[in-house]
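Chemist: Let me give you the structure first, and then I'll get to my questions.
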Amino acid sequence: MRMRTYAATVRRVLLQLLNDRRTIALILAVPALLVTLLYFIYRDYPGGDALFDRVAVQMIAILPMSVMFLVTSISMLKERVSGTLERLWTTPMRRADLLMGYATAFMVIAMGQALVLSAVCAWALGVTIAGNWAWIILTALLDAFVGVAMGLLVSALSRTEFQAVQFMPLLIGVQVFLCGMLVPRGQLPSALEPVSLVMPMSWAVNAVGEVQAGPEVTQGLVMDAAVLVMIGLVLLTAAPLTMPRRTR
C-alpha cells in the first residue's frame with residue numbers, strides 16, 4: 001500500500017461524505033432516532049424498561065453494521081458508475097490503496113456514529129448496563145468495521161447500486177433474525193444454530209450482552225471482539241481481489 005495515494009483517498013472520501021448532508025444524517029442521526037422510537041414503543045409496556053434496555057443495547061450491535069454496509073456499498077458503486085474509478089486506475093493507485101482509504105474514511109464517520117448512538121442511549125434514554133460503556137462503543141466500532149468491509153466486498157461483486165441493495169436482505173436481514181435478538185442463539189433450531197455462529201452480528205450481539213450482564217471483562221467478551229476483527233480483516237482482504245479495473 002502506498003501511503004501517499006492512501007492518504008489522498010482518505011481525504012477525498014471524507015470531504016465527499018462531509019459535504020453530503022443526507023449521508024451524514026443517515027450515519028449519525030438515523031440509528032439514534034430508531035432507538036428513540038423504540039423507547040416510546042416500550043415506555044408504557046409492562047416491564048418495558050428492562051426490555052428496552054436489553055433491546056437498545058442489542059441495537060447498538062446491529063444498526064452500525066447495517067447502516068455502514070448500505071452506505072459503503074452504494075458510495076463505492078457510485079464511483080464506479082460515474083467513471084471515477086476508471087480514471088483513478090490510470091494513476092499509480094492500487095486496489096488496496098483505494099479500499100483501505102475508503103475503509104479508513106468511513107470508520108472515522110463510524111466513530112462519530114458509535115459515540116452519538118451510545119450517548120443518546122446512556123444519557124437521553126437512560127439505558128443502564130452493568131459494564132463499561134467504552135466496551136459498548138468499541139463493539140459498535142468493530143461492528144461498523146465489519147459492515148464497511150462487507151459493503152466494499154459487495155460493491156466489488158455488484159454492477160449497479162440496485163444489485164448492492166439486493167444483497168442487504170440476504171447479508172443483513174438473515175443476521176438480524178439469527179443474531180440472538182429475537183430468540184437466544186442457544187434456543188435456535190439445531191440446523192440454524194451453527195449458521196448463526198459464522199455471522200458477525202451474532203458475535204456483536206453476544207459482546208454487548210456480556211457488557212450488559214456484568215462489569216467484568218470476560219474471556220467471552222474478548223473473544224467476541226477478536227472474532228469481529230478477524231471477520232472484518234478477511235472481508236477487507238477479499239475485496240481488492242474481486243474488484244474489477246473496468247466498469248462492466
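Chemist: Identify all residues within segment 139-192 that are surrounded by 17 or more Cβ atoms within 10 Å (Cβ to Cβ) and among the charged types (D, E, K, R); write none if there are none.
Modeler: Matches in segment 139-192: ASP143, GLU161, ARG185.
Residue by residue, here is whether (1) modelled with pLDDT of 95 or more; (2) hydroxyl-bearing (Ser, Thr, Tyr); (3) not in a loop (DSSP other than H, G, I, E, B) holds:
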position	(1), (2), (3)
ILE24	no, no, yes
LEU34	yes, no, yes
ILE41	no, no, yes
PRO46	no, no, no
ASP49	no, no, yes
ASP53	no, no, yes
MET59	yes, no, yes
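The values are calculated or read from the model by the stated rules, or taken from the named source; none is laboratory data. Since this is a predicted model, take the numbers as computed values, not measurements. Cβ: placed from backbone, ideal geometry, glycine included. Neighbour counts: every protein chain shown.
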